[in-house]
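Engineer: Supplied in C-alpha cells, the structure appears directly below.
The values are calculated or read from the model by the stated rules, or taken from the named source; none is laboratory data. Only a predicted model underlies this, so the values are computations on that prediction, with no experimental measurement involved. No Cβ is skipped: glycine too gets one built from the backbone with ideal geometry, and neighbour counts run over all protein chains shown. Calculation scope for accessible area: heavy atoms of the full protein, side chains included, ligands and nucleic acids excluded. Shrake-Rupley method; radii C 1.70, N 1.55, O 1.52, S 1.80 Å.
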Amino acid sequence: MKLKYLAILVLYLISFSAFGCSCAPYSKDPSEAVLEAYSSSTAVVLATAESIEKVKTTNPWGKGEVDSYEYDVEITHFISLRSWKGSHGKNFYTRIITNCCMCGLKFTEEETYLLYLDGPHDNGYYSTSTCSRTVNLERAETDIKILDALTPDQLVKWKARPKIVNEDLF
C-alpha cells in the first residue's frame, strides 16, 4: 500500500516539471558552454542593476497585442562595467516577464551580473532568461576567465553557429 502512495507522489511531482521553464542544456564542458552562450547572444556584458521598475501589463510583448491575462514585467536599468560583445552603451535596459514558467530572471538593485543578452528588440530593450548563462558576479568567475581567454580563432568558429531565438516573443 505504501508503494502505491509513493508511486502516486512521484508521478504528481514529475507532472509539475511539465509546467515549468524548459531550457536546452549547454555543453558539459565549461569552455564550450560559454562559447555556445557567447555565440547565441547579441551582447555579453558585466553590469550593475541600477534600478528596477515593476509593472503589470496585458501587452507582454510590447507589440500592440493585448492579452486577457496580466503579466508581471521588470524593466531594469543597468550600468555597464565591462563588455565582451555588443554595442549596448554605458546605460541599457532589460525588459523581463517574471511570471511563473516564463523563464524570466528577477534582478536585485545594486547587484552586478554577467549578462548574456538578446536584443535590443523593437521596443529598445534587451532580454535574457533563466535559460541563458546569466548569473550574479559571485557565480561568474569561471565564465569571466573563459571570456577573457577567448581567441579570435574561437570567436570565428562560434560566430558561424545559428542563433536560436524566437524574435516574436520580444
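Engineer: For residues that are open to solvent by 60 Å² or more (accessible area, probe 1.4 Å) and without any contact (Cβ under 8 Å) to a residue 60 or more places away in the chain, scanning just region 104-119, find the one that is nearest to the chain's Cα centre (by Cα).
Structural biologist: K106
Engineer: Just the residues that are touching a strand residue (DSSP E or B) at 6+ places or on another chain (Cβ under 6 Å), closer than 15 Å to A49 by Cα and of a type in the set (D, E), please, taken from region 102-134.
Structural biologist: Listed by number, the residues that qualify are E109, E111.
Engineer: Under the condition of being modelled with pLDDT under 90 and more than 20 Å from R133 (Cβ to Cβ), which residue from region 88-100 is least open to solvent (accessible area, probe 1.4 Å)?
Structural biologist: The selected residue is N99.
Engineer: Scan region 73-86 residue by residue and report those that are in a loop (DSSP other than H, G, I, E, B) and without any contact (Cβ under 8 Å) to a residue 40 or more places away in the chain.
Structural biologist: None; the set is empty.
Engineer: Can I ask one more? Across region 99-137, what is the number of residues that are outside any strand (DSSP E or B), among the small types (G, A, S) and in contact with a helix residue (DSSP H, G or I) (Cβ under 9 Å, 6 or more places away or on another chain)?
Structural biologist: The qualifying residues number 1.
Engineer: Another one. Could you say which residue among S40, S22, S31, S51 is touching a helix residue (DSSP H, G or I) at 6+ places or on another chain (Cβ under 7 Å), of a type in the set (G, A, S) and either closer than 20 Å to H88 by Cβ or modelled with pLDDT of 70 or more (or both)?
Structural biologist: Step by step, each of S40, S22, S31, S51 is checked, and only S31 is touching a helix residue (DSSP H, G or I) at 6+ places or on another chain (Cβ under 7 Å), of a type in the set (G, A, S) and either closer than 20 Å to H88 by Cβ or modelled with pLDDT of 70 or more (or both).
Engineer: Can you tell me how many residues within region 66-82 are within 19 Å of L147 (Cβ to Cβ) and crowded, with 17+ Cβ neighbours inside 10 Å?
Structural biologist: Result for region 66-82: 2.
Engineer: Which of the residues spanning region 124-170 are in contact with a Ser or Thr (Cβ under 8 Å, 6 or more places away or on another chain), at pLDDT 90 or above and open to solvent by 80 Å² or more (accessible area, probe 1.4 Å)?
Structural biologist: If the condition is that a residue be in contact with a Ser or Thr (Cβ under 8 Å, 6 or more places away or on another chain), at pLDDT 90 or above and open to solvent by 80 Å² or more (accessible area, probe 1.4 Å), then no residue fits.
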